[in-house]
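Q: The structure under discussion is supplied below as structure tokens; questions concerning it will follow.
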Amino acid sequence: MNTITQILENNRAWAQNIQKESPDFFTQLSKQQTPEILWIGCADSRVPPNQIVNLGPGELFVHRNIANMVVHSDLNCLSVMQYAIEVLKVKHVVVCGHYGCGGVKASQDKQDHGLIDNWLRHIQDVSRIHAAELETFDDSDKKLARLCELNVIEQVTNVCQSPIVQQAWKSGAELSVHGLIYSLQNGVLHDLNVTHSSPESLEK
Ligand code: CO
């Protein structure tokens, strides 16, 4: 069976299964979505957002790109953020990175990767900002793991500094921004404890 036939078949079985368990699931969900979380994650196929946090359709609003970046001029990501925060009124924004991120790794290997190098430059900015800390690592795997964490932390700051989040906080919206990192080795998510819920906490 070819791949597409297979996924269509998987889909039929999945939809039937859900309908069997809760017959009005799709009817209800088709009327509106009310996710409480905006998830910004890496496009990596090994980090499927809904699956790793065991949430169903309608529960996560998702944006993914290479290396879970929030770039101030990226209209795609900013549009997702604006819609999620202003229209859906999510209460949480999660930036989720992962150890062993190919994008983070490629940003450090000094090889030519073509177009994607323009995107990866943003991670090089992160490594430059944190050069002093990163230089203390002798072990290159540990250094890369730390850069994956630092990248999440920087993207959390970028989310918080965006006019969308600043405006939401100014208008009194209940909104927290979190940084998490996922381990491909054991499937466990770790909180990087960089949660911000106000401009004041960001300044600290
Ligand atoms: Co990745």
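Q: Among 70, 47, 62, which is the only one that is surrounded by fewer than 18 Cβ atoms within 10 Å (Cβ to Cβ) and within 16 Å of the ligand (Cβ to nearest atom)? Write out each step before concluding.
A: Details: 70 fails: surrounded by fewer than 18 Cβ atoms within 10 Å (Cβ to Cβ); 47 fails: surrounded by fewer than 18 Cβ atoms within 10 Å (Cβ to Cβ).
Among 70, 47, 62, only 62 is surrounded by fewer than 18 Cβ atoms within 10 Å (Cβ to Cβ) and within 16 Å of the ligand (Cβ to nearest atom).
Q: A further question follows. For residue 94, indicate whether it is within 16 Å of the ligand (Cβ to nearest atom) and within 19 Å of residue 195 (Cβ to Cβ).
A: Numbers: within 16 Å of the ligand (Cβ to nearest atom): yes; within 19 Å of residue 195 (Cβ to Cβ): yes.
Here the answer is yes, as residue 94 does meet what is asked.
Q: Related question: So, in region 102-117, of the ones that are among the charged types (D, E, K, R) and in a helix (DSSP H, G or I), which residue ends up nearest to the ligand (Cβ to nearest atom)?
A: 105
Table: residues versus (1) in the same structural domain as residue 118 (by TED's automatic domain parsing); (2) of a type in the set (A, V, I, L, M, F, W, C); (3) touching a Leu at 6+ places or on another chain (Cβ under 8 Å).
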| site | (1), (2), (3) |
| --- | --- |
| 20 | no, no, no |
| 27 | no, no, no |
| 37 | yes, yes, yes |
| 42 | yes, yes, no |
| 51 | yes, no, no |
| 63 | yes, no, yes |
| 71 | yes, yes, no |
| 75 | yes, yes, no |
| 79 | yes, no, no |
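Yes/no per residue for (1) out of contact with any helix residue (DSSP H, G or I) (no Cβ under 9 Å at 6 or more places or on another chain); (2) part of a loop (DSSP other than H, G, I, E, B):
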{"position": "26", "(1), (2)": "no, no"}
{"position": "29", "(1), (2)": "yes, no"}
{"position": "58", "(1), (2)": "no, yes"}
{"position": "67", "(1), (2)": "no, yes"}
{"position": "78", "(1), (2)": "no, no"}
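Q: How many of the residues in region 126-146 are exposed (fewer than 13 other Cβ atoms within 10 Å of the Cβ) and of a type outside the set (A, V, I, L, M)? Show your work before the answer.
A: Initially, region 126-146 is screened for residues exposed (fewer than 13 other Cβ atoms within 10 Å of the Cβ), giving 128-129, 131-132, 135-136, 138-142.
Now narrow it down to the ones that are of a type outside the set (A, V, I, L, M): 128, 135-136, 138-142.
So the count comes out to 8.
Q: Something else about it: Among the listed residues 54, 118, which satisfies the condition of being exposed (fewer than 15 other Cβ atoms within 10 Å of the Cβ) and within 15 Å of residue 182 (Cα to Cα)? Talk me through it step by step, then tell me what you get.
A: Values: 118 fails: within 15 Å of residue 182 (Cα to Cα).
Unique residue meeting the criteria: 54.
Q: OK, next. For residue 75, only one of the following conditions fails: (1) free of Cβ contacts under 8 Å to residues at least 12 places away in the same chain; (2) over 21 Å from residue 164 (Cα atoms); (3) away from the ligand (no atom under 16 Å from the Cβ). What is its number?
A: Only one criterion is unmet by residue 75, namely (2).
Q: Quick one: would you say residue 160 is surrounded by 14 or more Cβ atoms within 10 Å (Cβ to Cβ), more than 24 Å from residue 88 (Cβ to Cβ) and touching a strand residue (DSSP E or B) at 6+ places or on another chain (Cβ under 7 Å)? Write out each step before concluding.
A: Working: surrounded by 14 or more Cβ atoms within 10 Å (Cβ to Cβ): yes; more than 24 Å from residue 88 (Cβ to Cβ): no; touching a strand residue (DSSP E or B) at 6+ places or on another chain (Cβ under 7 Å): yes.
No, not satisfied.
Q: Return the total of residues in region 1-42 being under 23 Å from residue 176 (Cα atoms) and among the hydrophobic types (A, V, I, L, M, F, W, C).
A: Looking only at that region, the number is 5.
Q: Do any residues in region 24-43 that are farther than 11 Å from residue 94 by Cβ have Cβ atoms under 6 Å from those of residues that are basic (Lys, Arg) and within 16 Å of the ligand (Cβ to nearest atom), where the two are at least six apart or on different chains, and which pairs are they?
A: From residues that are farther than 11 Å from residue 94 by Cβ, the pairs are 43/64.
Q: Taking the options 83, 99, name whichever one is more than 12 Å from the ligand (Cβ to nearest atom) and surrounded by 12 or more Cβ atoms within 10 Å (Cβ to Cβ). Before the answer, list the steps.
A: On the way: 99 fails: more than 12 Å from the ligand (Cβ to nearest atom).
Answer to the check: 83.
The values are calculated or read from the model by the stated rules, or taken from the named source; none is laboratory data. All values reported here derive from a predicted model rather than from experimental measurement. Using ideal geometry, Cβ is built from the backbone for each residue, glycine included, and neighbour counts are taken over all protein chains shown.
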